[in-house]
Amino acid sequence: MKRKVTKAIFPVAGMGTRFLPATKSIPKEIMTLVDRPLIQYAIDEARAAGIREFIFVTSRGKSALEDYFDDAPELENALRKAGKTAMLEMLKTTNMDSGAIAYVRQNRALGLGHAVWCARRLVGNEPFAVILTDDVIAAEKPCLQQMMEAYAETGGNMVAIMEVPPEKASSYGILDIADDMGAIVRARGMVEKPAPADAPSNLAVIGRYILTPRIMQHLHRLKAGTGGEIQLTDAIAEEIAQGDPVYGFRFRGQRFDCGSKPGFLQATVAFGLARDDLREEFAQYLAHMTAVQKAAE
Ligand code: UTP
């Protein structure tokens, strides 16, 4: 029987070295795309997909994240007194009910798999989602919601996938495909960061997962076996090796890698242009900058 997925893990314990010096004191997940931190996009997507329990795997220096989801009584009072009801409403979307959000600590950055494993007791014996806040996805229907609908048919494990050019394969986990059914593919293997010649397909895994609790057991064994980083990919590959289904899901939408500078800048442009209140002025400015650039060439 397929169980409803109501828990999501947000691994936010990485060091974010690609955004130094900003990330010396600001968690990467608090960096803002237009006017909302990355984490807000991830939370909104999770809520739309029916997630009710939000589990953050954090580390030192991430207290700004905890504050972000707390009530802000002084600010709320000031806005109320000033009659700024629209702003007050918007602010409410950032508040989390008491008990809906939990934090566990990853004491050392031992990899994404290790971060997920840190949440094992909170997940218990239930399927769960994992959302990487670096991957921001612009989509008519939020990506995780699309996945939940597909998962309702398939069960098992599901990872979001997208096509990448061969030269980019070495930046991703790549699926080896047993059966391509269109939106859904069944995997017979998964390779982490292969050289272009070794990539079994052009389908790369990005930061949305629906996983069975067995993954935690695989991570536990991997933890015992390695001294270096513990990869989530290896635990998923172990599921396949044991004959448990792993599906890739071709989501509809555009993914931005906000963990990298070019990706973050591209997302800023795309999300800026998508906003009714900013589009006109911003588009004019971009056209002007493009013309200036061309003239200089
Ligand atoms: P990244 O590979 O992007 O690493 O992690 P990072 O530390 O965040 O960033 P860079 O590469 O140094 O700039 C992918 C996701 O896994 C989490 C990160 O927070 C990010 O959401 N992560 C990674 C952990 O929670 N713990 C880890 O030990 C490693």
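The values are calculated or read from the model by the stated rules, or taken from the named source; none is laboratory data. Predicted, not measured: the structure shown is a model, and the values here were computed from it. No Cβ is skipped: glycine too gets one built from the backbone with ideal geometry, and neighbour counts run over all protein chains shown. Calculation scope for accessible area: heavy atoms of the full protein, side chains included, ligands and nucleic acids excluded. Shrake-Rupley method; radii C 1.70, N 1.55, O 1.52, S 1.80 Å.
For the range 198-251, filtering for residues that are in a helix (DSSP H, G or I) and of a type in the set (Ser, Thr, Tyr) leaves 1. Among the criteria (1) open to solvent by less than 40 Å² (accessible area, probe 1.4 Å); (2) within 16 Å of the ligand (Cβ to nearest atom); (3) more than 22 Å from the chain's Cα centre (by Cα), the one Ser201 does not fulfil is (2). In the set (1) open to solvent by less than 70 Å² (accessible area, probe 1.4 Å); (2) of a type in the set (A, V, I, L, M); (3) free of Cβ contacts under 8 Å to residues at least 12 places away in the same chain; (4) in contact with a helix residue (DSSP H, G or I) (Cβ under 7 Å, 6 or more places away or on another chain), the condition left unmet by Ile39 is number (3).
Of the residues Tyr103, Tyr68, Tyr151, the single one that is touching a residue at least 40 places away in the same chain (Cβ under 8 Å), hydroxyl-bearing (Ser, Thr, Tyr), in contact with a helix residue (DSSP H, G or I) (Cβ under 7 Å, 6 or more places away or on another chain) and surrounded by 15 or more Cβ atoms within 10 Å (Cβ to Cβ) is Tyr103.
Across the range 8-36, the qualifying residues are those that are surrounded by 22 or more Cβ atoms within 10 Å (Cβ to Cβ) and part of a strand (DSSP E or B), and the one among them that is nearest to the ligand (Cβ to nearest atom) is Pro11.
Of all the listed residues (Arg255, Arg275), the sole one being in contact with a strand residue (DSSP E or B) (Cβ under 6 Å, 6 or more places away or on another chain) and not in a helix (DSSP H, G or I) is Arg255. For residues that are modelled with pLDDT under 90 and among the polar types (S, T, N, Q), scanning just the range 86-126, find the one that is nearest to the ligand (Cβ to nearest atom). The residue in question is Thr94.
The single condition from (1) surrounded by fewer than 18 Cβ atoms within 10 Å (Cβ to Cβ); (2) under 16 Å from the mean Cα position of the chain (by Cα) that Arg120 fails is (2).
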